[in-house]
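Colleague: Following this message is one structure expressed as structure tokens.
The values are calculated or read from the model by the stated rules, or taken from the named source; none is laboratory data. None of these values were measured; they are calculated from a predicted model. Neighbour counts run over all protein chains shown; Cβ positions are idealised from the backbone, glycine included. SASA here: full protein model, heavy atoms, side chains in, ligands and nucleic acids out. Shrake-Rupley method; radii C 1.70, N 1.55, O 1.52, S 1.80 Å.
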Amino acid sequence: MMRHLALAIAVAFGGTLAAPAMAQQSPVQQPAAQQTPEQVVQGIARQLDADVAGHKTELQKNREKLIGIINQVFLPHFDVDYAAILVLGQHAREASPGQRAEFAKAFYNSITHRYAEGLLDYTNGAVKVLPFAGDLNAKRSVVRTQVATGDGKTVSVDFAFRRTASGEWKAYDVVIEGISYITNYRNQVDAEIRKVGLDQLIKNLQTQGDQALKAMEQNGKPHDG
């Protein structure tokens, strides 16, 4: 499951906060107000085909370039602030705007580094976008895909989108074989905040990065209630 999670999170959400200046240079980073969620995912898949599938040896040796590619491809298409609020859950109401912003930045930068190598499992044409059936006049939509992993398996991955105030469709959650990324991390974050407090969690993520995230994944338990 963790191998599939690494690939799917990298495909969906990796590196969503770092290097916004770089993100402006990528072809898929053009204003997306007219793009449907399905078109957004298809564009991301095409960009991954070009930037990752044929350059794995180079990227294995250059972690920062790998992270830079993740930043370029995904940043404009992910609703960072909204996803962070969902991950914080009930703690979002208790947090100040500054705490929420700091948490979002530290948490997603940690995710970038935690899962960057998962993107190296990506193969050309790995993402198959399934036919869409829904009402794009609504404020939310789901794009269903099948992602081929490096071990020859196929994983069902659903991308949850919401329409922003500017009219763009942005992703905020990924559901892997029925398991929500948001729900999974909300349980872990809840357990960690109850253990050390929000400020200390933010500090841990800022100073320890992916190691703090790894420890939280290993130690966090779902909280009932």
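Colleague: In the stretch 143-152, how many are in contact with an Asp or Glu (Cβ under 9 Å, 6 or more places away or on another chain), at pLDDT 85 or above and either open to solvent by 60 Å² or more (accessible area, probe 1.4 Å) or farther than 25 Å from V80 by Cβ (or both)?
Modeller: Qualifying residue count, the stretch 143-152: 1.
Colleague: Filter the stretch 43-67 for residues that are surrounded by 20 or more Cβ atoms within 10 Å (Cβ to Cβ) and not hydrophobic (A, V, I, L, M, F, W, C) and give the result.
Modeller: If the condition is that a residue be surrounded by 20 or more Cβ atoms within 10 Å (Cβ to Cβ) and not hydrophobic (A, V, I, L, M, F, W, C), then D51 is the only one that fits.
Colleague: If you don't mind, there's one more thing I want to ask. Going through the stretch 153-169 one residue at a time, which ones are under 15 Å from H77 (Cα atoms), outside any loop (DSSP other than H, G, I, E, B) and open to solvent by 50 Å² or more (accessible area, probe 1.4 Å)?
Modeller: R162, R163 - these are the residues of the stretch 153-169 that are under 15 Å from H77 (Cα atoms), outside any loop (DSSP other than H, G, I, E, B) and open to solvent by 50 Å² or more (accessible area, probe 1.4 Å).
Colleague: Could you grab me the full set of residues in the stretch 71-83 that are closer than 19 Å to V142 by Cα and either of a type in the set (G, A, S) or open to solvent by less than 40 Å² (accessible area, probe 1.4 Å) (or both)?
Modeller: F74, L75, P76, H77, F78, D79, V80, A83
Colleague: Then there is this: Note down all Cβ pairs under 9 Å where the first residue falls in the stretch 138-152 and is touching a residue at least 12 places away in the same chain (Cβ under 8 Å) and assigned to a strand (DSSP E or B), the second is of a type in the set (D, E) and surrounded by 13 or more Cβ atoms within 10 Å (Cβ to Cβ), and they're at least six residues apart or on different chains.
Modeller: Final answer for the pair search is S141/E38; V142/D158; V143/E38; V143/D158; R144/D158; T145/D158.
Colleague: Taking the options F103, F132, name whichever one is buried (at least 18 other Cβ atoms within 10 Å of the Cβ) and among the aromatic types (F, W, Y).
Modeller: Only one candidate qualifies: F103.
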